[in-house]
Amino acid sequence: PTANNSDKRIGVILGDGIGHEIVPATQRVVTAAVTAAGGADVDWVTLPLGLGAIDSHGTPLPDSTLAALAELDAWILGPHDSAAYPEPFRGQLTPGGVIRKKFDLFANIRPARSLEGVASMVPDMDLVIVRENTEGLYADRNMFAGSGEFMPTPDVALAVGVVTRRACERIAHTAFALARTRRRHVTIVHKANVLSLTTGLFRDVCRDVGERHYPDVQIDDQHVDAMTAHLVRRGRDFDVVVAENMFGDILSDLTGELSGSLGTAPSINSSDTQVMAQAAHGAAPDIAGHNRANPTALMLSAAMMLDLFGERRADRHLVGAATRIRDAVRSTIASGVATADLGGLASTSEFTETVLARTLRR
Ligand code: ATP
Ligand code: MG
């Protein structure tokens, strides 16, 4: 991908369930923030995926959507609910997983930062989990081991974990470069006392990249089991935490919950050229269509996307828009305007209007 630097096309995928509410709300906030920051209008490219795409294209993830994403450097992916797809699509493929794999979005970045006005188990938490997204034991995402899991007999199941130097190097660079923009501290998570070859390689390569290329960044490492206890007891002490796929998956759910709630936890998935904003939560079918969903997680994900997209094309308007969105969302919640999941009374639309108004403030 990577067209020219004036290309402000951003993809948008509604997905399923509350995606139909939180994605348009996020789009409005992004458009307003970019304009308020002095930028030209965002050129939205809307792409079908999920239940809507089954109706219109006969498949939850049309080839035309994948082809369009290949031409884009940034997009917002709404939540999807593949368990609700009719046969033969039910559970067959998770669109988000296919997209991550197809575009090799190897870095899953999940900040956990407590928000003023949101009760959290670890106050003052402000860390970022940098999760390797392509390897380890996660068979369906595994590039080298094919199916990954298999059963040689009906009574024995095996799984192959893959760790490569190349994947460790690139995720390490992501983590250390991020740490330089923060408190300059990286914690490497592994289990090298038991999985000494695989997670040992992860630990050693990450440490090596840090020592060689980022001498100004402090490094330590933790066994994953000990890390869970440290996060609960002293989560505020961590800055950037880099972990292989499964450890990062588990730890980021933990830190998300410790710092706030599902409705506030943002994330991006990125490669060296492309970035996808995706909330950590799912399609929440139980509240879909009721104007109750919290768009915070997706709005903050979109801000992360704009930061990276803007930085990569040296567009200060996009970066400025990201700051505006973050400030507006935080100050809205701090002022007591919040959705039901946070104990507030605001609907999705009331919350969004307040964020929009604050986004436009000077
Ligand atoms: P998935 O398998 O896609 O991760 P899930 O079963 O883990 O989905 P979610 O869709 O994330 O579930 O929802 C879990 C619970 O949290 C539900 O009760 C849902 O209503 C609530 N929830 C999730 N996201 C939000 C949100 N943005 N605003 C309000 N409530 C939410
Ligand atoms: Mg879930």
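Read the figures in this text as sums done on the coordinates, not as results from a lab. What you are looking at is a predicted structure, and each value in this text was computed from that prediction instead of being measured. Heads up, the Cβs are rebuilt from the backbone with ideal geometry, glycines too, and the neighbour counts pull from every protein chain shown.
Summary table below
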| quantity | calculated |
| --- | --- |
| Low-density loop cleavage sites - GluC sites (Glu not before Pro) in segment 84-140, where at most 13 other Cβ are within 10 Å (DSSP) | GLU116 |
| Residues whose placed amide H lies under 5 Å from that of VAL275, excluding near-sequence neighbours | ALA74, TRP75 |
| Among GLN278, VAL23, VAL205 - extreme Cα towards positive end, dipole of the chain, charges at beta-carbon | VAL205 |
| Positive dipole terminus of the chain, leading residue within THR255, PRO152, VAL337 (C-beta point charges) | VAL337 |
| Cα point-scatterer Debye curve for segment 183-282, base-10 log of I(q)/I(0) at q = 0.13, 0.18, 0.19, 0.25 Å⁻¹ | -0.52, -0.98, -1.08, -1.37 |
| Lysines with Cα under 23 Å of LYS8, excluding same-chain neighbours fewer than 8 positions away | LYS102 |
| Calculated from backbone phi, Karplus (6.51, -1.76, 1.60) coupling profile of segment 7-14 in Hz, x at Gly/Pro | 5, 9, 6, 10, x, 9, 10, 5 |
| Rg in Å to one decimal, and Dmax rounded to a whole Å, for the chain via C-alpha atoms | 20.0, 66 |
| Gyration tensor over alpha-carbon atoms, segment 30-126, equivalent ellipsoid semi-axes in Å | 29, 22, 14 |
| Residue among HIS185, MET121, PRO266 farthest towards the positive dipole end of the chain, charges placed on Cβ | HIS185 |
| Long-range HN-HN contacts of HIS185 with modeled amide H, under 5 Å | GLN218, VAL240 |
